[in-house]
Amino acid sequence: MNIAYLSTFYPFRGGIAQFNASLYRAFEHLGHNPSAFSFSRQYPDILFPGETQFVTEHDIADPIPSIRILDSINPLSWYSTAKEINNIHPEILLTKFWMPFIAPSLGAVAARVNKKTKKICIVDNALPHERRPGDIALTRYFLNRYDGFIVMSDTVEKDLLSLKPQAKICRHNHPLYNHFGGRISREEACKSLHIPSDKHILLFFGFIRSYKGLSLLLDAMKLLPDTYHLVIAGEMYGSFDKYQQQIESLDLQHKISLHIRYISDVETPLFFSAADACILPYISATQSGIIAIAHHFETPVIATNVGSLSDALYHGAAGMLIDKTEPQAIADSVHTFFSKKLSDQYIASVQSLKNELSWESLGEAIVEFSELL
């Protein structure tokens with residue numbers, strides 16, 4: 001089957017590009033013929049809050065052969081992209097949606113692709129975490145140009161149906177990332193990161209945004225004894241100053257290691273191998289790719305029970321859920337996790353899930369779904 005896959009591919013970096021590369025390779029393994037169409041410009045530099053949009057020599061990036069043609073802010077490219085896609089006569093146009101900013105470009109392309117082509121979108125967030133005027137209108141414009149949608153959490157499905165009640169939806173759990181390689185020894189990882197190996201290591205990983213609840217976690221660390229150590233690893237969207245001030249005001253400097261930068265794929269195994277648990281104190285959430293990474297490394301997860309994080313942790317079978325988004329509840333759950341030695345229980349559950357959460361299973365589900373549209 002010919003599949004036109006329009007989204008973010010190499011040389012762009014980050015979780016979306018990694019997701020797309022893994023699924024692209026799965027389509028190949030299944031015997032299909034995917035063609036990758038990517039952005040020539042994803043975000044204008046002035047709107048991108050991070051260090052760089054592109055891979056560096058430290059990233060383990062799969063160089064997917066893509067046609068870099070779509071400019072998110074140049075309507076002329078939207079027409080040329082649709083023309084290039086139509087030239088390969090795909091049975092499926094597949095894309096990914098994660099924020100309203102990309103809705104005009106991806107929606108315009110879908111509107112101009114051959115009507116016989118089934119247009120399917122993998123929806124990461126139907127409603128943005130941080131809303132701005134016009135977001136809902138842009139998202140509805142986009143959704144109305146697609147025939148079917150893949151969702152990976154109940155929360156996203158609910159949000160999607162609130163915007164498009166008659167949407168045709170396929171629900172599939174997030175596959176596990178498998179491009180990072182395996183774990184290394186905990187002692188070696190701690191030594192490389194200069195963190196104490198004789199402490200209970202908690203890992204807060206990924207892009208730092210306000211909805212991810214880092215401020216709550218810092219308050220919780222004040223409630224925990226010095227046998228606990230928190231590693232914060234990820235790029236800050238905006239200024240880290242308020243968190244630094246909170247760390248200093250709570251006198252937590254000796255209990256926290258900071259790696260406030262983009263964490264390359266090469267470094268990622270170090271952090272998950274050093275950690276006794278990955279902690280997600282989110283205030284709100286739809287789903288989290290961080291859980292998929294943690295599952296890959298068989299690092300237990302402790303997460304607040306918001307959005308669909310419960311689904312990703314199989315309602316507590318594959319990780320501990322925190323019932324309340326407040327510092328005391330977070331501290332109590334962390335203490336329970338270690339005092340009851342629950343790590344082995346969660347690791348065993350994750351090991352049993354690995355075959356089910358393959359990229360090929362998602363690829364097969366998308367193709368089968370397209371045949372029903």
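Details
- Residues in region 289-310 that are out of contact with any Ser or Thr (no Cβ under 9 Å at 6 or more places or on another chain) and in a loop (DSSP other than H, G, I, E, B): GLU298 only.
- Test: ILE69 is in contact (Cβ under 8 Å) with a residue 12 or more places away in the chain, out of contact with any His (no Cβ under 8 Å at 6 or more places or on another chain), buried (at least 22 other Cβ atoms within 10 Å of the Cβ) and not in a helix (DSSP H, G or I): no
- When residues of region 319-344 are limited to those that are of a type in the set (S, T, N, Q) and surrounded by 15 or more Cβ atoms within 10 Å (Cβ to Cβ), the one modelled with the lowest pLDDT: SER343
- Number of the exception - ALA220 against (1) over 21 Å from the mean Cα position of the chain (by Cα); (2) assigned to a helix (DSSP H, G or I); (3) at pLDDT below 95: (3)
- Subset of region 239-263 that is in a loop (DSSP other than H, G, I, E, B) and touching a strand residue (DSSP E or B) at 6+ places or on another chain (Cβ under 6 Å) - its residue that is surrounded by the fewest Cβ atoms within 10 Å (Cβ to Cβ): ILE260
- Consider region 171-214 and keep the residues that are of a type in the set (S, T, N, Q) and either within 17 Å of the chain's Cα centre (by Cα) or buried (at least 18 other Cβ atoms within 10 Å of the Cβ) (or both). The one that is nearest to PHE19 (Cα to Cα) is ASN178.
- Restricting the first member to region 346-365 and to residues that are loosely packed, with under 14 Cβ neighbours inside 10 Å, and the second to residues that are part of a helix (DSSP H, G or I), the beta-carbon pairs closer than 9 Å and six or more apart or on different chains are ASN355/SER361.
- All positions within region 72-99 that are over 25 Å from the mean Cα position of the chain (by Cα) and either surrounded by 19 or more Cβ atoms within 10 Å (Cβ to Cβ) or outside the structural domain of GLU364 (by TED's automatic domain parsing) (or both): SER77, TRP78, THR81, ALA82, ILE85, PRO90
- Any hit, region 264-280, residues being crowded, with 20+ Cβ neighbours inside 10 Å, within 30 Å of ASP45 (Cβ to Cβ) and hydroxyl-bearing (Ser, Thr, Tyr): yes
- Considering region 311-344, and only residues there that are assigned to a helix (DSSP H, G or I) and of a type in the set (Asp, Glu), the residue that is nearest to LEU176 (Cα to Cα) turns out to be ASP311.
The values are calculated or read from the model by the stated rules, or taken from the named source; none is laboratory data. Computed from a predicted structure; not experimentally measured. When we count neighbours, we look across all protein chains shown, and the Cβ atoms used for this are built from the backbone with ideal geometry, even at glycine.
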